[in-house]
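Undergrad: Can you read through this structure? Questions will come right after.
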Amino acid sequence: MSTMIANSAPRGVRYQIALIGRRNAGKSSLFNLLTGQDIAIVSDTAGTTTDAISKPYELLPLGPVTFYDTAGLDDEGELGLQRIKASLKILYRADICLLVTDEQGLTAKELQLIEELQQLKIPFLIIFNKADISDIKNKDIDYCQQHQLAYLAASSTLNMGADQIKQAIYEIAPAELKQEQVLASDLYQAGETVLCVVPIDMSAPKGRLILPQVQVLREALDHDAMAIVVKESQLAQALAQLNTPPAIVIADSQVIKQVTQVVPENVPLTTFSTLFARFKGDLAILAQGADALDNLQDGDKIMMAEACSHHSQEDDIGRVKLPNMIKHYSQKQLTFDIKAGHDFPDNLADYALVVHCGSCMLNRTEMIRRVRECERRNIPVTNYGVAISKIQGVLPRVMQPFIGK
Ligand code: SF4
């Protein structure tokens, strides 16, 4: 594995790195070696770590990360199962895992964990710990090479391996967290026209545009495109007056249905909320999740996930409008639970669908983690904007500009 780090993480990204493995594989000692502090309790007795211990760390030149030391995934007994549950919670949200094994090398347990990590699509590095006791076995080297698995040796006793592990972390980090995401600027060129459709109705804030609209306009100007803003009633006239069709039309979700009837099929069209679903999360998974709206059954539970607690209004989109739209669309007897806050509940598996808010208070990494947690636990997930487009029958049209991007 190369030891060069080509880049640093984008602004606002704090990688979550979980150390997992069998009890007494030396995770806590390795955690201390990596973070340079004696936070995790190190004991020769297997299964000492209960709740995951975390440590924020500046991993230069990569940037800020948080290391998590977890309990052994081979734990036993009632308390052991609770510890495993706590470890799994960390695992579902991890960006990167360090699978730590000891002088025993790759046992059946490690092979099982490798399979699970691959199923969960978590990039991982195998650490053959306790290198002071034993070299990596030839059969394990062969296995890693055959299966193209990244691995390193380490020993906290010999103070060995920490630098190589830190250097390897960036290389295996998920691509979507390494890239700065643009809003819409990959959908047009300098000199082209971006036509925005913004309704000015009762729900529009007085005297200003909302942040997503301002951000799209600012990005267009930064990229030397020409940004035009019209109300939906002026759209046909604006299109007729342009000598060249716009490179992209971006409309508010509320008026998207009527906008699709005015914008010719050959002109790319999307919504502000679709742009933000891509900017903040994984648009492909959110669009796929919206298909679950077609398969709902009587008695299904739907989680409306709000990323922050806020004062709800009478016609709140997540609590009133959208649940009503979904009931009407599916024609099924459904139950809606509102869950606000940072963590998904343990009973996530009870839900047929998670419909997430616009996540204005979350950064991209946090939202991607939430989307990934649903994916890893096999629960379809979509968000408000994508669900509205689906219900209005315009999802394929507003997704079209992103095909191949
Ligand atoms: S959209 Fe923003 S304000 Fe609304 S619940 Fe989500 S994070 Fe909070």
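The values are calculated or read from the model by the stated rules, or taken from the named source; none is laboratory data. If you're wondering where the values come from, they're calculated on a predicted model, not measured in any experiment. Virtual Cβ from ideal backbone geometry, glycine too; neighbours counted across all protein chains shown. These accessible areas exclude ligands, DNA and RNA; they are computed on the full protein's heavy atoms, side chains included. Shrake-Rupley method; radii C 1.70, N 1.55, O 1.52, S 1.80 Å.
Undergrad: Which condition from (1) under 25 Å from ILE17 (Cα atoms); (2) in contact (Cβ under 8 Å) with a residue 24 or more places away in the chain is the one that ASN347 breaks?
TA: The number of the failed condition is (2).
Undergrad: Scan (1) at pLDDT 90 or above; (2) out of contact with any helix residue (DSSP H, G or I) (no Cβ under 6 Å at 6 or more places or on another chain); (3) closer than 30 Å to LEU195 by Cβ for the single condition GLN254 breaks and write down its number.
TA: Every listed condition holds for GLN254 apart from (1).
Undergrad: Quickly run through segment 49-73 and pick out the residues that are acidic (Asp, Glu), modelled with pLDDT of 80 or more and open to solvent by 40 Å² or more (accessible area, probe 1.4 Å).
TA: Listed by number, the list holds a single entry, GLU58.
Undergrad: Which of the residues belonging to segment 352-364 are within 16 Å of the ligand (Cβ to nearest atom) and open to solvent by 10 Å² or more (accessible area, probe 1.4 Å)?
TA: Scanning segment 352-364 gives CYS357, GLY358, CYS360, MET361, LEU362, ASN363, ARG364.
Undergrad: Step by step: first the residues of segment 155-197, then only those that are at pLDDT 95 or above and part of a loop (DSSP other than H, G, I, E, B), then the one that is nearest to PRO245 (Cα to Cα). Which residue is that?
TA: Looking at residues that are at pLDDT 95 or above and part of a loop (DSSP other than H, G, I, E, B), I get GLU192.
Undergrad: May I ask you to list the residues in segment 335-344 that are modelled with pLDDT under 95 and either open to solvent by 80 Å² or more (accessible area, probe 1.4 Å) or more than 16 Å from the ligand (Cβ to nearest atom) (or both)?
TA: Listed by number, the residues that qualify are HIS342, ASP343.
Undergrad: Then there is this: Which condition breaks for GLN237 when tested against (1) outside the structural domain of ASP95 (by TED's automatic domain parsing); (2) touching a helix residue (DSSP H, G or I) at 6+ places or on another chain (Cβ under 7 Å); (3) over 30 Å from MET361 (Cβ atoms)?
TA: (2)
Undergrad: Based on what the data block shows, is ASP252 out of contact with any Asp or Glu (no Cβ under 6 Å at 6 or more places or on another chain), in the same structural domain as CYS357 (by TED's automatic domain parsing) and charged (D, E, K, R)?
TA: Taking the combined requirement at face value, the residue does not satisfy it.
Undergrad: Name the single residue, out of those in segment 319-334 being exposed (fewer than 13 other Cβ atoms within 10 Å of the Cβ) and assigned to a helix (DSSP H, G or I), that is nearest to the ligand (Cβ to nearest atom).
TA: Per the criteria, the residue is ASN324.
Undergrad: Further question: Any chance you could count how many residues in segment 365-379 are among the β-branched types (Val, Ile, Thr) and within 13 Å of the ligand (Cβ to nearest atom)?
TA: 0
Undergrad: Here's something else I'd like to know. Check MET399, MET367 and return the single one that is open to solvent by 20 Å² or more (accessible area, probe 1.4 Å), within 20 Å of SER273 (Cα to Cα), among the aliphatic types (A, V, I, L, M) and not in a strand (DSSP E or B).
TA: Numbers: MET367 fails: open to solvent by 20 Å² or more (accessible area, probe 1.4 Å).
Residue meeting the stated conditions: MET399.
Undergrad: For segment 213-264, how many residues meet the condition of being part of a helix (DSSP H, G or I) and either free of Cβ contacts under 8 Å to residues at least 60 places away in the same chain or open to solvent by less than 40 Å² (accessible area, probe 1.4 Å) (or both)?
TA: 29
Yes/no matrix, rows are residues, columns are (1) more than 12 Å from the ligand (Cβ to nearest atom); (2) in the same structural domain as LEU353 (by TED's automatic domain parsing):
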residue: LYS257; (1), (2): yes, no
residue: GLN261; (1), (2): yes, no
residue: PRO268; (1), (2): yes, no
residue: ALA287; (1), (2): yes, yes
residue: ASN295; (1), (2): yes, yes
residue: ILE317; (1), (2): no, yes
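Undergrad: Residues in segment 300-315: is at least one assigned to a helix (DSSP H, G or I) and either surrounded by fewer than 19 Cβ atoms within 10 Å (Cβ to Cβ) or among the basic types (Lys, Arg) (or both)?
TA: If we filter segment 300-315 for residues that are assigned to a helix (DSSP H, G or I), which is where we start, we get none.
No, segment 300-315 contains no residue that is assigned to a helix (DSSP H, G or I) and either surrounded by fewer than 19 Cβ atoms within 10 Å (Cβ to Cβ) or among the basic types (Lys, Arg) (or both).
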